[in-house]
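Comments concern the structure below.
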Amino acid sequence: MERVIIHVDMDYFYAAIEEREDPTLKGKAVVVCMYSNRGESGGAVSTSNYIARDAGIRSAMPCKLAKSKKPDAVFLPVRKAFYEEVSASVMEILRSNADSEEAFEKISIDEAFLEITESCNCDYDLAKEIGLRIKEEVKSQERITCSVGIGPNKLIAKMASSFRKPDGITVIRPEETEDFLKPMPVKKLWGIGKVTEDKLAEMGITTVEELAAFDVMELISVFGKNKGMWLKGAASGQDDSPVKERTASDQIGRMASLKNDSRNENMIFSLLDELMDDVIGKVKKRKVSFRSVTVTVIFSNFKTSTKSKTFNHAVSDREILTENAVELMKQFLEESTINFRRIGVRVGNLQESTGQKSLFDF
Ligand code: TTP
Ligand code: CA
């Protein structure tokens, strides 16, 4: 059956979030570093923005080497928990654009597939409009950019999204897949790692076109039945794997900036209320219940802090969300003296809601 799949990949994700949080970083090279227990000298680059990449900085490179390539770059430590929150908000935007709640598959902190076969009725012009709408929603709600790939299956969609980056959109119609894939080096085929690439090179295969033309029996003799057949199919753009959520356990979250940095309780609690409306709406729509509530505050000095509460039972009531989120937010207000810049609320440890007890059963 004909399908239309979108793959979304956020651009320079961790560094883009840091840029968004601190406008003074605009125009500068930004490198996000994972520091080891040996301190700042032992870290590796997690990611960097495109200005830093122009200077030759790459993920996994020692931070020291990155520094020597671009001494005036801004080096920042990884804030994983915070990026997870932004990811949860982005994923909710993406999920809401899929054919159904289930036609969605997050594959990493900043990438997901969604099926839009029904929404676009297999019309690729309409599919492109949906892709552009997703980009717009992510940009306006989260103030970061993403790259979108659209194609007849996950393999093509995934490869299309990395075709134009950053802030790109690439649509590959079924009749275009062959021409799209042909000139690519085999290592670009999603699923081919370094070992396979080297083995193929030994066999004289370096482009997808060469792989597609290769005798399948010979591929099977080298790689075994499953992999051999997969290689042959992938090289001609075939992929039947469904878009399917891998883990039910997930989180639903929203974050937003205050109109201006402030400790004004009315302003903070009314924004928190809006965010909770949004979160609980999504909880109901996904028919899930949750076992934890987390509140995040980003202060005017860009420090991020989170507080969580976990329950014995899964719940889905707005009352419980409100009660706990408000309490956590009050703790933040009591403990801190600095203005708040951005706040977020998230529910986690999700479970299917069917047959779930409500607040009033306890
Ligand atoms: P990627 O999607 O591979 O990279 P990216 O989003 O930074 O850049 P782009 O997609 O525009 O090329 O990875 C997503 C995030 O995962 C990235 O922002 C940081 C993290 N990451 C690491 O921590 N270490 C790594 O080696 C890589 C590749 C990514
Ligand atoms: Ca990315």
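For E176 and T24, the difference between the fully extended length at 0.36 nm per residue and the C-alpha to C-alpha distance is 50.4 nm. The shape of region 109-207 can be summarised by an equivalent ellipsoid whose semi-axes, obtained from the alpha carbon gyration tensor, come to 28, 16, 10 Å from longest to shortest.
Model label sites at E335 and E323, defined 7 Å from Cα along the beta-carbon direction, differ in position by 2.2 nm. Taking all protein chains into account, the per residue accessible area for region 139-217 stands at 48 Å² (1.4 Å probe).
Projecting the Cα positions of F214, T310, F332 onto the charge dipole of region 211-348 (unit charges on Cβ atoms of Lys, Arg, Asp and Glu, taken about the Cα centre) puts F214 furthest along the positive direction.
Note on S300 and S236: the model spin-label points, each 7 Å out from Cα along the C-beta direction, lie 6.5 nm apart. Residues F163, F180, sorted by accessible area with the largest first, give F163, F180 [1.4 Å probe; ligands and nucleic acids excluded]. Taking all Cα pairs closer than 8 Å and separated by 6 or more residues, the relative contact order of region 1-116 comes to 29 percent. Springs join every pair of Cα atoms under 10 Å in this Gaussian network model of the chain, and among N349, N153, N312 the largest mean-square fluctuation is at N312. Solvent exposure of region 221-320 amounts to 52 Å² per residue of accessible area, where only protein heavy atoms count and the probe is 1.4 Å. Measuring nothing but how far apart in sequence close Cα pairs (under 8 Å, 6+ apart) lie, relative to its length, the chain scores a relative contact order of 15 percent. From the alpha carbon centroid of region 161-225 to that of region 52-123 is 24 Å. To the nearest 10, the accessible area of T306 is 60 Å² with a 1.4 Å probe. Among I220, I172, I280, the largest mean-square fluctuation in a Gaussian network model of the chain, built with springs joining Cα atoms closer than 10 Å, belongs to I220.
To put it simply, the accessible area of the chain at a 1.4 Å probe is 49 percent carbon and sulfur. The simple Förster model, with R0 at 51 Å and r as the Cβ-Cβ distance, assigns N312 and Y35 a FRET efficiency of 0.90. Note on I107/Y50: beta-carbon distance plugged into 1/(1 + (r/R0)^6) with R0 of 22 Å gives a FRET efficiency of 0.45. Between K194 and S162, the contour length at 0.36 nm per residue exceeds the alpha carbon distance by 9.7 nm.
Per residue, region 1-75 exposes 48 Å² of accessible surface when a 1.4 Å probe is rolled over the protein heavy atoms with every protein chain present. Here the simple spin-label model places points 7 Å from the Cα toward Cβ, and for M217 and S96 these points are separated by 5.6 nm. Note on the chain: with a GNM built from Cα contacts shorter than 10 Å, the maximum mean-square fluctuation among D261, D273, D72 falls on D72.
The values are calculated or read from the model by the stated rules, or taken from the named source; none is laboratory data. These numbers come from a predicted model, not from an experiment. Positions of Cβ are generated from backbone atoms using ideal geometry, with glycine treated the same way; all protein chains shown enter the neighbour counts. Surface areas here come from the heavy atoms of the whole protein model, side chains and all, with no ligands, DNA or RNA. Shrake-Rupley method; radii C 1.70, N 1.55, O 1.52, S 1.80 Å.
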